[in-house]
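The values are calculated or read from the model by the stated rules, or taken from the named source; none is laboratory data. Quick caveat, the model's predicted, so the values are computed rather than measured. In this analysis, Cβ positions are derived from the backbone assuming ideal geometry, glycine residues included, and neighbour counts consider all displayed protein chains. For the accessible areas, the whole protein counts, side chains as well, though only heavy atoms, and no ligand, DNA or RNA atoms are used. Shrake-Rupley method; radii C 1.70, N 1.55, O 1.52, S 1.80 Å.
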Amino acid sequence: MNLDILIQKCESTGALSRDEILYALNLDSKTDIARLIGAADAVRKANCGDDVQIRALVEISNTCARQCLYCGIRAPNTHIHRYRMPPDEIVELAKELDQKGLRTIVMQSGEDPYYTAEMVADIIGKIKRDTQMAVTLCFGERPESDYRLWKQAGADRYLLRHEAANRELYKALHPDSDYGQRMHCLHILRRLGYQVGAGCMIGAPGQGVEHLADDIEYFRDFQPDMAGIGPYIPHPDTPFADHPTGTVEMTLKMVALTRIVTRNALLPATTAIGSIEERGREMALEAGADVVMPNYTPLKYRVHYEIYPNKRCITEDPAHCDSCMRLRI
Ligand code: 5AD
Ligand code: FES
C-alpha cells in the first residue's frame, strides 16, 4: 500500500477499507504517524471548523451494578466510598452552570437503579424548564421505555460507549454483560431520536490491532454523532490491575482514524488521555478531536468517581478547571 494515496483518501472521502485501516494502525515511524494525524486535523477543520465545544461533565453517582473487569467503580469493589447526588442538588448545579454560560450538561453515572426512570425524567424536565442547556445522558443500559421517557422529557443526547465492536473481546471485558444487548441499546437510542455517542478504550486487556480495526469499521458503518476514545488505565482494585496502560501513540492514531471515517462526529479530547500525558488533551485536539469535557462534579463527590487512578483534575475546583481548560485551548 502507498501512504500518499492513503492520506489522499483520508482527506477526500474517508471511506477506508479494512486493509487501509489496518495499514494506518500499523504505521510506526513518527513522520508517517504525523501525516495521518495531519490528515485528521484537516478533516476536522473542513467539517467542524476551529471551535472547541465545551461540555460540562457532572458525575451524579459512582454506584454501579455491573462488573466490567477494568473499571474502578465496578460493583464488587468495596474499597471505594459510594455516593449519589440528590436530584435537587443536580438541578441546582445545572442552573449554576447555565448562568456560567455552559451550553451542555453531561450527566454521567454508574449503572445505578436507585435513579428510577421517573426521577431522571423529573431532573431532565426541570433542567429543560429552568435553563437553556442541552442535556446529555450517560447512564448505561436501561430499558427502551426509560430511554423513551427521558427523550420525551427533553434529553438531547446519549453516550453509551460500545466498548468493543468485537464480540469476543466484549465478552472478555464484560463477563456479566451481553454484546447483542449493548448494540441493541445503541440502535434504540438512535431510533428514539437521540444524538448517539459510542466509544472505546485503547490498549484494553486482550485487545489487538485487529480489534481496533473492528472499532474503526464500527465507527465507519454506524456513524455515531459522538465518539469517546481514551487509553486504558489499570485500576489497582480490579482484576486487570496488572495490565499495562494504553499508549498515547495508539490512542492518537485511533482518534485520527475516527475523525477520518466519521467526518463530522463530535470527538472529545478525553480526561483519560490527559491523565497519562500532560499535553494529552492538546495532542488529541491536534489529531481530530474537537470537544473538551471539564469536570463540574462538586469536589466532595468527584474524588470518589475513580474509574481509574490518577485521574486528571480530581482535586481542582471547578473555577480553576474552567480557566485552565480555556488556557489550554
Ligand atoms: N481506564 C480507562 N477508561 C476506563 N473506563 C472505565 N474504566 C476505565 C479504565 N480503567 C471508560 C469506559 C467507560 C467510560 C466511562 O470510562 O470506556 O465507558
Ligand atoms: Fe459500571 Fe461497567 S463497571 S458499567
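Got a sec? Which residues in the range 196-227 would a label at Asn264 touch, if it sits 7 Å along Cα→Cβ and we count backbone N under 18 Å? 196-198, 220-227, by backbone N distance to the label point. Rounded to the nearest 20 debye, the dipole size of the range 25-143 about its Cα centre is 180 debye, using +1 on the Cβ of Lys and Arg and -1 on the Cβ of Asp and Glu. The value for the range 176-329 of Rg(Cα) / (2.2 N^0.38 Å) is 1.07. Near His304, once Lys and Arg are set to +1 and Asp and Glu to -1 for all other residues with Cβ below 12 Å from its Cβ, the sum equals +3. Take the Kirkwood radius over Cα pairs of the chain, plug it into Stokes-Einstein at 10 °C and 1.306 mPa s, and you get 79 µm²/s for translational diffusion. Each Lys and Arg adds +1 at its Cβ and each Asp and Glu adds -1 at its Cβ; summed about the Cα centre, the range 52-206 shows a dipole of about 420 debye. Using the rule -39500 (n - 2.57) for each DSSP H run of four or more residues, divided by the residues of the chain, the 222 nm mean residue ellipticity is -13500 deg cm²/dmol. Give, to the nearest whole percent, the P(r) tail of the range 117-177 beyond 13 angstrom, counting all Cα pairs. Within the range 117-177, distances greater than 13 Å cover 66 percent of Cα pairs.
When the charge dipole of the range 1-45 is built from unit charges on Cβ atoms (+1 for Lys and Arg, -1 for Asp and Glu) and taken about the Cα centre, the candidate among Ile37, Ile5, Leu27 whose Cα reaches farthest toward its positive end is Ile37. Bridging of Lys311 to aspartates and glutamates at a Cα separation below 18 Å is possible for Glu59, Asp237, Asp242, Glu277, Glu278, Glu282, Asp322, once same-chain residues fewer than 8 apart are set aside. Considering only Tyr308, Leu69, His81, the residue lying farthest towards the positive end of the dipole of the chain is His81, judged by Cα position with unit charges set on Cβ. Peptides 318-329, 53-64, 230-241, ordered by how many other C-beta atoms sit within 10 Å of their residues on average, highest first, read 53-64, 230-241, 318-329. When the Cα positions of Ile229, Thr297, Leu285 are compared along the charge dipole of the range 191-329, Thr297 comes out farthest toward the positive end, with charges on each C-beta of Lys, Arg, Asp and Glu.
Subtracting the Cα-Cα distance of Lys30 and Leu192 from 0.36 nm times their residue separation leaves 54.0 nm of extension gain.
When the Gaussian network model of the chain links Cα atoms closer than 10 Å, the mean-square fluctuations of Ile80, Ile229, Ile105 top out at Ile80. Simple point charges give the picture: +1 on the Cβ of Lys and Arg, -1 on the Cβ of Asp and Glu, and for the chain a dipole about the Cα centre of about 540 debye. Counting only heavy atoms of the protein chains and using a 1.4 Å probe, Asp156 has close to 50 Å² of accessible surface. Among Lys100/Lys128; Lys45/Lys300; Lys45/Lys126; Lys151/Lys300; Lys128/Lys300, which pairs are too far apart, with a Cα-Cα distance over 28 Å? Table pairs above 28 Å Cα-Cα are Lys45/Lys300; Lys45/Lys126; Lys151/Lys300. Translational diffusion of the range 97-224 was estimated from the Stokes-Einstein equation, with Rh taken as the Kirkwood radius over Cα pairs; at 25 °C and 0.890 mPa s the coefficient is 157 µm²/s. Among the protein heavy atoms of the range 130-273, carbon and sulfur supply 49% of the accessible surface, probe 1.4 Å, non-protein parts ignored. With the simple model of a label 7 Å out from the Cα in the direction of the Cβ, Asp237 to Met119 spans 2.1 nm. Probing with 1.4 Å while keeping every protein chain in the model, the per residue accessible area of the range 164-257 equals 36 Å². Treating r as the C-beta distance of Arg129 and Ile329 and R0 as 41 Å, the FRET efficiency rounds to 0.85. On full extension, the segment bounded by Glu278 and Glu92 gains 63.7 nm, given 0.36 nm per residue less the C-alpha separation.
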